[in-house]
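The values are calculated or read from the model by the stated rules, or taken from the named source; none is laboratory data. Just so it is clear, the structure is predicted and the values come from calculations on it, not from any experiment. Note: ideal-geometry Cβ built from the backbone for every residue, glycine included; neighbour counts use all protein chains shown. Accessible surface is based on the protein model in full, side chains and every heavy atom, while ligands, DNA and RNA are left aside. Shrake-Rupley method; radii C 1.70, N 1.55, O 1.52, S 1.80 Å.
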Amino acid sequence: MPHVRLLVAAGAVATGLIVSTLSATANTTPAPTVTGDARVDRLLARMTLDEKLTMLEGTADASADPQYQAGYVPGIPRLGIPPLTLTDGPPGVVTKQDSTGMTATMGVAATFSRDDARRNGEVIGRDAKALGQDVVLEPFVNIDRDTSWSRGFNTFGEDPLLTGQVGAAEITGIQSQGTMAQVKHYIAYDGANNVNVDEQTLHEIYLAPFADAIDAGVSSVMCSYNVINSYQACGSAQILTAILRNELGFKGFVTSDWGGNHSTSYLNAGLDMEMPGGAFGGLLPQYFTKTALKTAMANGSIQASRVTEAAGRILYEYDKFGLLDGKSKHPATAQNRATDSRVVQQTGEDAATLLKNDGNALPLDGHSSTALIGPGAGQTIATDGGGEKSGGILSEQVGAYQVLRQEPGTRVSYAVGDDMTGTAVPASALSHDGQPGLLRTNRGTGATTTDAQLDFTHSNRAALPVGTNDTWTGTLTVPASGHYWLNIQALGGSANLTVDGKSLINLGGFLTPAPRYGRVHAADGNGPLPTTDGLANGRTLISLSAGAHTLSVAETADISGSPVEVRLAWVTPAQQQATHDAAVAAAKSAKTAVVFAWADGGNDLSQPLPEGQDALIDDITAVNPNTVVVLNTSQPIAMPWLSKVKAVLQMWYPGDRGGYATANVLTGKVNPGGKLPFTWPASIDQEVAHQAAHPERSSNGVDSTGKPCPASAGGPFTDPSCVTTYSEGINVGYRFYDATNVTPLFPFGYGLSYTSFSYSGLRTAPAPDGGLTVSFQARNTGPVAGDAVPQVYLGAPASKPAGVQFAAKALAGYTRVHLGAGQAKTVSVHVPKRQLQYWSTTADWTTAIGSRTLYVSASERADVLQRTVTIAR
């Protein structure tokens with residue numbers, strides 16, 4: 001489920017095009033064949049119309065102990081059909097319970113390891129089962145076409161083969177635990193809301209990962225918000241039936257994205273289940289209500305057979321996953337923390353991508369002094385906050401500084417550089433009605449009292465009772481004009497901060513003032529980290545003049561049953577400067593400075609790093625030439641200081657065990673082997689979605705006159721008349737850079753190592769599936785063990801069929817192999833038959849016969865072996 005859009009594109013709806021042909025006549029068997037699953041077909045024969053309609057409509061969870069998951073179907077107790085619970089992601093599992101904070105999806109892709117992806121899926125599936133969830137709304141297999149899109153960081157990168165194989169492996173892992181996976185967002189949901197794309201590109205780029213998901217047996221598909229070739233994705237029979245069902249052979253059920261359904265007629269197009277239901281308090285309209293569907297059936301626009309078919313598809317997956325055999329489990333139980341933690345740490349280490357390492361600045365010399373700088377060194381920026389991903393287990397999130405200081409003989413210091421927690425606003429700055437302190441009013445009883453400070457937390461042994469609902473009012477007196485960080489921090493309840501009549505922070509709120517999942521999690525602040533004592537941290541930087549300002553804080557208890565904690569904190573301009581200066585001084589006195597920098601999912605190459613981090617890095621490099629930067633990001637960022645630093649290590653958002661993973665890579669206990677799953681541009685105007693000469697390619701799109709549509713605070717979702725055309729065709733990502741002969745900052749598949757590798761003896765042979773088997777010898781020619789990640793690319797045919805697009809090079813296979821110092825292994829990489837084919841509008845999938853160049857590469861632009869292969873039909 002993506003961030004819900006209350007304004008959606010209007011588009012034509014394909015209706016009445018598909019009528020179920022799966023029903024058999026009533027006299028052939030007591031239970032007409034609908035799904036081919038005898039048990040399900042018998043159930044369908046016994047179900048009333050209302051019971052079938054119940055399976056199609058998401059509702060509020062009315063169970064005794066709801067987990068506040070994203071979606072719910074109540075089931076049919078009379079027939080032994082249990083409720084169905086659907087939980088958000090990726091990554092991880094999102095309910096009212098804290099659960100494993102996992103390596104970011106882009107980090108999983110950076111491992112170039114199907115094994116890592118499968119193990120991550122096992123954690124997701126296992127945690128979902130423990131937390132009483134039946135369906136996880138992941139993986140997210142859209143293509144990272146526009147790295148400025150705020151959701152692009154949730155993808156597996158820009159390449160359809162890597163995305164498809166990583167996604168399929170994760171699905172295999174999830175579903176091995178008895179949990180259904182729901183792959184999303186189908187289709188071409190890549191930054192724009194109204195998309196035109198040609199058939200070859202649609203099949204080879206945007207459909208390809210979904211085809212892999214279906215081949216992996218995925219239980220369900222989430223259709224997306226966007227219009228695709230003039231039809232809403234959730235209402236297009238061409239997309240949902242002709243392609244998904246008839247061409248790709250999908251047998252599971254299709255769920256609308258939350259708010260993605262706009263008509264009862266979408267049922268005819270192939271939509272089976274509407275979400276969200278009552279969990280969103282009626283904020284989103286619903287069209288698959290019993291009343292609406294019965295009305296449509298009465299006027300003949302929907303046939304009863306289609307209702308039966310949709311219910312059957314859902315129950316087919318129920319049976320496949322044992323939910324009709326008593327395997328449904330909804331009470332929450334303990335997660336397997338030990339196993340989960342091992343997988344998270346392994347993934348974080350395997351994802352580590354070394355972008356620069358001049359003079360072998362890394363690994364660190366453990367005997368020389370090192371200053372770790374930045375809040376991400378003292379705490380772990382595990383998951384980039386809450387939202388549609390698990391925020392993690394705070395007790396697991398030990399910072400790299402805490403890990404390194406335990407190493408014998410290590411000389412390491414720490415300076416925060418940017419104090420995100422701050423200090424409680426002092427009593428001297430707070431008053432009400434001319435009296436000291438803030439006036440507290442209990443909204444239940446009306447009782448009032450005065451508090452010198454607003455600081456009620458476990459860390460000062462002053463947490464408020466469970467269920468407290470209080471409001472504080474008064475005056476904030478600022479000692480000097482300047483930019484202040486004001487923080488409202490809470491746990492056990494949500495909180496709102498208002499200054500001078502303007503609401504600045506609504507901590508824990510999502511669409512409504514109530515917490516999104518019924519309770520506030522430590523990761524639910526609007527920055528990358530909770531407070532140092534584990535509270536959700538809502539922060540805002542505001543310019544305040546010296547003197548008095550009206551102040552109000554309203555706290556509302558959540559459903560966690562925990563004591564209510566709330567604190568008003570700040571970081572004054574003087575404190576900000578002192579923290580900055582202390583970091584520079586620490587760097588100056590150390591042999592090596594390691595700066596931990598971060599950006600959230602909304603940062604792109606056109607923006608500086610948040611909170612003055614670029615200036616801090618500049619100031620540190622000015623006093624210490626041996627500066628290393630560790631990045632916690634999931635998309636390309638601008639690095640104006642790149643030439644001034646010795647090394648850059650991309651750790652993505654590494655999950656709960658990120659501090660351990662980062663420390664191990666910095667010290668050389670682990671050799672970084674991650675590779676970029678996207679191309680890192682030198683500037684954003686190099687990207688396909690940011691070409692001044694092609695505004696139709698931008699996510700904002702163009703209007704009916706061809707004029708570029710403006711970007712707005714609401715993103716590209718606010719004007720449905722704006723259309724984005726993927727006129728670049730199949731040349732997305734690295735293919736576009738090759739087609740335009742542009743040199744990026746770092747190419748797709750790039751990543752350095754503490755050792756070196758060589759490749760020799762390239763051979764190819766036909767594979768049993770009609771593809772190719774590529775074999776060669778990989779050797780570690782360096783002094784330490786490490787993982788090689790050879791990539792196989794295929795060039796365009798020497799003779800191209802007319803009217804068909806081919807990339808200059810396209811990823812066709814890859815593997816990851818561990819090699820000790822001096823060790824050699826024979827490596828085999830499978831190139832699937834589909835990679836030798838192209839989509840033809842007249843002949844479907846067609847093999848491109850003739851000679852083609854095959855490359856073995858260290859990255860998309862670092863070919864080490866090549867040979868010509870001849871492809872026969």
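Here are Thr333, Thr347, Thr410, Thr339: which of them is part of a helix (DSSP H, G or I), open to solvent by 20 Å² or more (accessible area, probe 1.4 Å) and among the β-branched types (Val, Ile, Thr)?
That would be Thr339, the only listed residue that is part of a helix (DSSP H, G or I), open to solvent by 20 Å² or more (accessible area, probe 1.4 Å) and among the β-branched types (Val, Ile, Thr).
Which numbered condition in (1) open to solvent by 10 Å² or more (accessible area, probe 1.4 Å); (2) outside any loop (DSSP other than H, G, I, E, B); (3) not basic (Lys, Arg) is the only one that Trp149 fails?
Failing condition for Trp149: (2).
Of the residues that sit in the range 668-685 and are open to solvent by 10 Å² or more (accessible area, probe 1.4 Å) and either in a loop (DSSP other than H, G, I, E, B) or touching a helix residue (DSSP H, G or I) at 6+ places or on another chain (Cβ under 7 Å) (or both), which one is nearest to Thr370 (Cα to Cα)?
Let us first name the residues in the range 668-685 that are open to solvent by 10 Å² or more (accessible area, probe 1.4 Å), namely 668-671, 675, 682-685.
Then keep just the ones that are either in a loop (DSSP other than H, G, I, E, B) or touching a helix residue (DSSP H, G or I) at 6+ places or on another chain (Cβ under 7 Å) (or both); that gives 668-671, 675, 682-684.
Values: Gly668: 15, Lys669: 17, Val670: 19, Asn671: 19, Lys675: 27, Ala682: 30, Ser683: 32, Ile684: 34 Å.
This residue is Gly668.
Do we have Glu138 as over 23 Å from Tyr737 (Cβ atoms), touching a residue at least 40 places away in the same chain (Cβ under 8 Å) and buried (at least 24 other Cβ atoms within 10 Å of the Cβ) here?
Yes.
What's the total number of residues in the range 323-349 that are under 18 Å from Thr85 (Cα atoms) and without any contact (Cβ under 8 Å) to a residue 40 or more places away in the chain?
Final tally of qualifying residues: 2.
Could you please let me know if Glu170 is outside any strand (DSSP E or B), farther than 16 Å from Leu137 by Cβ and either open to solvent by 10 Å² or more (accessible area, probe 1.4 Å) or not polar (S, T, N, Q) (or both)? First the steps, then the outcome.
Working: outside any strand (DSSP E or B): yes; farther than 16 Å from Leu137 by Cβ: no; either open to solvent by 10 Å² or more (accessible area, probe 1.4 Å) or not polar (S, T, N, Q) (or both): yes.
Criteria not met by Glu170.
Could you list, in sequence order, all residues of the range 58-88 that are in contact with a Lys or Arg (Cβ under 7 Å, 6 or more places away or on another chain) and more than 17 Å from Tyr517 (Cβ to Cβ)?
Hit for the range 58-88 is Leu79, nothing else.
Scan the range 186-205 residue by residue and report those that are within 19 Å of Leu162 (Cα to Cα) and either out of contact with any Ser or Thr (no Cβ under 9 Å at 6 or more places or on another chain) or assigned to a loop (DSSP other than H, G, I, E, B) (or both).
Ile187, Ala188, Tyr189, Asp190, Thr201, Leu202, His203, Glu204, Ile205
Could you please tell me which pairs satisfy a Cβ distance under 9 Å, a separation of 6+ or placement on different chains, a first residue in the range 685-704 that is under 13 Å from Asn196 (Cα atoms) and basic (Lys, Arg), and a second residue that is open to solvent by 30 Å² or more (accessible area, probe 1.4 Å) and modelled with pLDDT of 95 or more?
Note: pairs meeting the criteria are Arg697/His690; Arg697/Gln691; Arg697/Thr725; Arg697/Ser727.
Val108 fails exactly one of the following numbered conditions: (1) closer than 23 Å to Leu394 by Cβ; (2) part of a loop (DSSP other than H, G, I, E, B); (3) open to solvent by less than 10 Å² (accessible area, probe 1.4 Å). What is the number of that condition?
Going through (1) closer than 23 Å to Leu394 by Cβ; (2) part of a loop (DSSP other than H, G, I, E, B); (3) open to solvent by less than 10 Å² (accessible area, probe 1.4 Å) one by one, Val108 breaks only (2).
Could you give every pair whose Cβ atoms fall below 6 Å, whose first residue belongs to the range 594-616 and is in contact (Cβ under 8 Å) with a residue 40 or more places away in the chain and open to solvent by less than 40 Å² (accessible area, probe 1.4 Å), and whose second residue is among the polar types (S, T, N, Q) and part of a helix (DSSP H, G or I), counting only separations of at least 6 or pairs across chains?
Ala597/Gln613
Considering only the range 560-581, I want to know if a residue exists there that is open to solvent by 30 Å² or more (accessible area, probe 1.4 Å), among the hydrophobic types (A, V, I, L, M, F, W, C) and either farther than 15 Å from Leu486 by Cα or not in a loop (DSSP other than H, G, I, E, B) (or both).
The answer is yes, given that some residue of the range 560-581 is open to solvent by 30 Å² or more (accessible area, probe 1.4 Å), among the hydrophobic types (A, V, I, L, M, F, W, C) and either farther than 15 Å from Leu486 by Cα or not in a loop (DSSP other than H, G, I, E, B) (or both).
Please verify whether Ala590 is part of a loop (DSSP other than H, G, I, E, B) and at pLDDT 95 or above, treating the condition exactly as stated.
When the stated conditions are applied, Ala590 passes them.
What are the pairs with Cβ atoms under 9 angstrom where one residue, in the range 206-227, is part of a helix (DSSP H, G or I) and the other, located anywhere, is of a type in the set (Asp, Glu) and surrounded by fewer than 24 Cβ atoms within 10 Å (Cβ to Cβ)? Sequence gap at least six, or different chains.
Ala211/Glu247
Of the residues in the range 739-757, how many are within 20 Å of Glu204 (Cα to Cα) and either among the aromatic types (Phe, Trp, Tyr) or touching a strand residue (DSSP E or B) at 6+ places or on another chain (Cβ under 6 Å) (or both)?
Qualifying residue count, the range 739-757: 2.
Using beta carbons and a limit of 9 Å, which pairs, at least six apart or on different chains, have the first residue in the range 826-852 and on the phi > 0 side of the Ramachandran plot and the second one among the β-branched types (Val, Ile, Thr) and surrounded by 15 or more Cβ atoms within 10 Å (Cβ to Cβ)?
These pairs meet every condition: Gly850/Ile871.
Do any strands (runs of 3 or more DSSP E) entirely within the range 762-873 hold 1 or more residues that are open to solvent by 10 Å² or more (accessible area, probe 1.4 Å) and modelled with pLDDT of 95 or more, and if so, which?
By residue number, 772-780, 786-788, 809-814, 817-819, 824-831, 837-840, 844-847, 850-859, 862-871.
Name the residue, out of Ala269, Ala296, that is surrounded by 24 or more Cβ atoms within 10 Å (Cβ to Cβ), out of contact with any Asp or Glu (no Cβ under 6 Å at 6 or more places or on another chain) and not β-branched (Val, Ile, Thr).
Within the list Ala269, Ala296, the selection yields Ala269.
I'd like to know if the range 108-115 contains one or more residues that are within 16 Å of the chain's Cα centre (by Cα) and small (Gly, Ala, Ser).
Checked against the condition, which is being within 16 Å of the chain's Cα centre (by Cα) and small (Gly, Ala, Ser), the range 108-115 yields at least one hit.
Asp159: acidic (Asp, Glu), over 17 Å from Lys389 (Cα atoms), in contact (Cβ under 8 Å) with a residue 24 or more places away in the chain and out of contact with any Ser or Thr (no Cβ under 9 Å at 6 or more places or on another chain), yes or no?
So Asp159 passes the test.
Tell me which residues, restricted to the range 348-368, are under 22 Å from Met651 (Cα atoms) and in contact with a Lys or Arg (Cβ under 7 Å, 6 or more places away or on another chain).
Gly348, Thr353, Asp358, Gly359, Ala361
Does Tyr266 satisfy the criteria of being out of contact with any helix residue (DSSP H, G or I) (no Cβ under 7 Å at 6 or more places or on another chain) and at pLDDT 95 or above?
It is false that Tyr266 is out of contact with any helix residue (DSSP H, G or I) (no Cβ under 7 Å at 6 or more places or on another chain) and at pLDDT 95 or above.
Give Met639, Met651 a once-over and let me know the one that is hydrophobic (A, V, I, L, M, F, W, C), crowded, with 23+ Cβ neighbours inside 10 Å and under 22 Å from Gly733 (Cα atoms). Steps first, answer last, please.
On the way: Met639 fails: crowded, with 23+ Cβ neighbours inside 10 Å.
Just a single option satisfies the conditions, and that option is Met651.
Just to confirm my filter: which strands (runs of 3 or more DSSP E) fall fully inside the range 435-534 and include at least 2 residues that are in contact with a Ser or Thr (Cβ under 9 Å, 6 or more places away or on another chain) and more than 30 Å from Ile381 (Cβ to Cβ)?
438-442, 448-451, 470-478
Kindly list the number of the only condition in (1) hydroxyl-bearing (Ser, Thr, Tyr); (2) over 27 Å from Arg126 (Cβ atoms); (3) crowded, with 21+ Cβ neighbours inside 10 Å; (4) in contact with a Gly (Cβ under 9 Å, 6 or more places away or on another chain) that fails for Thr179.
(2)
Give just the number: which of (1) of a type in the set (Gly, Ala, Ser); (2) over 30 Å from Ala597 (Cα atoms); (3) open to solvent by less than 40 Å² (accessible area, probe 1.4 Å); (4) assigned to a loop (DSSP other than H, G, I, E, B) does Ser431 not satisfy?
Only one criterion is unmet by Ser431, namely (4).
I want to confirm something. Restricting to the range 62-78 and keeping residues that are open to solvent by 20 Å² or more (accessible area, probe 1.4 Å) and more than 25 Å from the chain's Cα centre (by Cα), which single residue is nearest to Pro331 (Cα to Cα)?
Asp65
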